[in-house]
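S.K.: I have a structure here, written as structure tokens, and I will follow up with some questions on it.
What follows draws every value from the coordinates through simple rules; no lab data is involved. Keep in mind that what you see is a predicted model, and the values were worked out from it rather than measured. Because the Cβ atoms are built from the backbone with ideal geometry, glycine has one as well, and the counts that use them run over all protein chains shown.
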Amino acid sequence: MSAAKKEPDIAIGNIIGSNMFNLLAVLGIPAIIAPISLEAHVVTRDYAIMPGLSILLFFFAYGFRGKGRINRFEGGFLLCAYIAYMTYLYFSVVHP
């Protein structure tokens with residue numbers, strides 16, 4: 001809604017806030033109830049990709065084409081990166 005009202009700062013804040021809530025509450029509360037264990041390949045695979053895509057998103061949204069604006073090419077690139085990552089996860093789990 002904030003993006004439609006041309007409030008990019010609020011939109012980016014909502015995205016970051018939602019991701020932080022998901023990481024801290026959605027994963028944290030069940031971990032308090034029953035500890036979660038991660039396999040080593042999950043940590044090495046995902047923690048290498050997460051910061052890279054986060055930094056890429058930061059550079060896209062930083063304001064090279066206007067503060068807080070991501071053009072269609074950049075959005076398409078991020079969408080393709082997401083699809084490629086999901087495909088990689090599928091094939092790394094189903095066909096190891």
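S.K.: Give, as a single signed number, the net charge of other residues whose beta carbon lies under 15 Å from the beta carbon of residue 54, with Lys and Arg counted +1 and Asp and Glu -1. Working shown, then result.
M.R.: Working: positive: none; negative: 46, 74.
Here the charged neighbours net out to -2.
S.K.: Charges at C-beta only: +1 for Lys and Arg, -1 for Asp and Glu. How large is the resulting dipole of the chain about its Cα centre, in Debye rounded to 20?
M.R.: On the way: 7 positive and 5 negative charges, 88 e Å.
Roughly 420 debye for the chain.
S.K.: Please turn the phi angles of segment 39-50 into ³J(HN,Hα) values with the Karplus equation 6.51 cos²θ - 1.76 cosθ + 1.60 (θ = phi - 60°), one per residue in order, whole Hz, x for glycine and proline.
M.R.: These are the phi-based 3J(HN,Hα) values: 6, 4, 5, 5, 5, 5, 6, 6, 6, 7, 8, 4 Hz.
S.K.: What value in Å³ per residue do you get for the convex hull of the alpha-carbon atoms in segment 38-96? Don't skip to the end; give the middle numbers.
M.R.: On the way: hull volume 4.1 nm³, N = 59.
Value for segment 38-96: 69 Å³ per residue.
S.K.: OK, next. Pull out the extension gain between residue 6 and residue 38, defined as 0.36 nm times the separation in residues minus the alpha carbon to alpha carbon distance; nm, one decimal. Walk me through the numbers on the way to the answer.
M.R.: Details: separation 32, 0.36 × 32 = 11.52 nm, distance 4.02 nm.
Extra length available between residue 6 and residue 38 comes to 7.5 nm.
S.K.: Taking 7 Å along the Cα-to-C-beta vector as the label spot, tell me the residue 85-residue 54 distance in nanometres, rounded to one decimal.
M.R.: Using points 7 Å along Cα→Cβ, the separation is 1.1 nm.
S.K.: Counting only helical runs of four or more DSSP H residues, what would the 222 nm mean residue ellipticity of the chain come to if each run contributes -39,500 (n - 2.57) and the total is spread over all its residues?
M.R.: Details: 4 runs with 65 residues, N = 96.
-22500 deg cm²/dmol, from helical runs alone.
S.K.: Go ahead and run the numbers for FRET between residue 95 and residue 62, Cβ-Cβ distance against an R0 of 35 Å, rounding to 0.05. Mind showing how you got there, number by number?
M.R.: Values: r = 38 Å, r/R0 = 1.08.
Between residue 95 and residue 62 the formula returns 0.40.
S.K.: At a Förster radius of 30 Å, what calculated FRET efficiency corresponds to the Cβ-Cβ distance of residue 72 and residue 27, to the nearest 0.05?
M.R.: Numbers: r = 33 Å, r/R0 = 1.08.
According to the calculation, E is roughly 0.40.
S.K.: Given Cα pairs under 8 Å that are at least 6 residues apart, what percent is the relative contact order of the chain? Could you put the intermediate results ahead of the total?
M.R.: Numbers: 22 pairs, mean separation 20.3, N = 96.
The value is 21 percent.
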